[in-house]
């Protein structure tokens, strides 16, 4: 399997206002075109954090552990619509209440994303997509701290974890 390089993404300013459009291939080619994504951190009632394993075929950060749900916002879609779609597609979850955490710009050598961050506490069944993920599991804060900086987690997740979750009560 491979990501659709012709998929159309909105281009946005740092406030999230749509200013154009480009393909996934253009956005991930090093052009650093700012495009929006959604992330959902899924915590269980014990404060453990669910992470997904990115498949080896992904064009960005293959084989690494990442935020429970992460996905691009399609052209013409709101962040909330994208969040519901991505959570259903990636984890099979439809009954959850998301809390908006923050929005920030993440930059790497290959891309620039406007990330809309959400979190939820969830204690139901999780069915990771066999098409989009290589599974997932709940991690303790200690396990995450021990993995940071060891090329196990995506740099994006490490940054977000340290910024929003590391020193906060997970519940």
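The values are calculated or read from the model by the stated rules, or taken from the named source; none is laboratory data. Just so you know, these numbers come straight off a predicted model, no measurement behind them. Neighbour counts are summed over all protein chains in view; Cβ atoms, including those assigned to glycine, are modelled from backbone coordinates with ideal geometry.
Inspection of the range 29-45 finds a residue satisfying the criterion of being in contact with a strand residue (DSSP E or B) (Cβ under 8 Å, 6 or more places away or on another chain), modelled with pLDDT of 95 or more and surrounded by fewer than 15 Cβ atoms within 10 Å (Cβ to Cβ). Applying the condition of being assigned to a loop (DSSP other than H, G, I, E, B) and surrounded by 14 or more Cβ atoms within 10 Å (Cβ to Cβ) to the range 64-77 and asking which residue is nearest to the chain's Cα centre (by Cα) yields 68. For residue 54, state whether it is more than 23 Å from residue 12 (Cα to Cα) and surrounded by fewer than 16 Cβ atoms within 10 Å (Cβ to Cβ). In short, no.
Taking the numbered list (1) in contact (Cβ under 8 Å) with a residue 40 or more places away in the chain; (2) surrounded by fewer than 21 Cβ atoms within 10 Å (Cβ to Cβ); (3) under 19 Å from residue 131 (Cα atoms) in turn, residue 16 passes all entries but (3). Could you please find all residues in the range 11-24 being more than 11 Å from residue 114 (Cα to Cα) and within 18 Å of the chain's Cα centre (by Cα)? The answer is 24, and nothing else.
Consider the range 19-62. How many of its residues are outside any strand (DSSP E or B) and either under 25 Å from residue 75 (Cα atoms) or out of contact with any helix residue (DSSP H, G or I) (no Cβ under 9 Å at 6 or more places or on another chain) (or both)? So the answer is 22. Restricting 107, 99, 113 to residues that are in contact (Cβ under 8 Å) with a residue 40 or more places away in the chain and in contact with a strand residue (DSSP E or B) (Cβ under 6 Å, 6 or more places away or on another chain) narrows the list to 113. Of all the listed residues (100, 96), the sole one being touching a helix residue (DSSP H, G or I) at 6+ places or on another chain (Cβ under 8 Å) and farther than 19 Å from residue 8 by Cβ is 96.
Look at (1) surrounded by fewer than 20 Cβ atoms within 10 Å (Cβ to Cβ); (2) touching a helix residue (DSSP H, G or I) at 6+ places or on another chain (Cβ under 9 Å); (3) within 28 Å of residue 9 (Cα to Cα) and you find that residue 141 fails only one, number (3).
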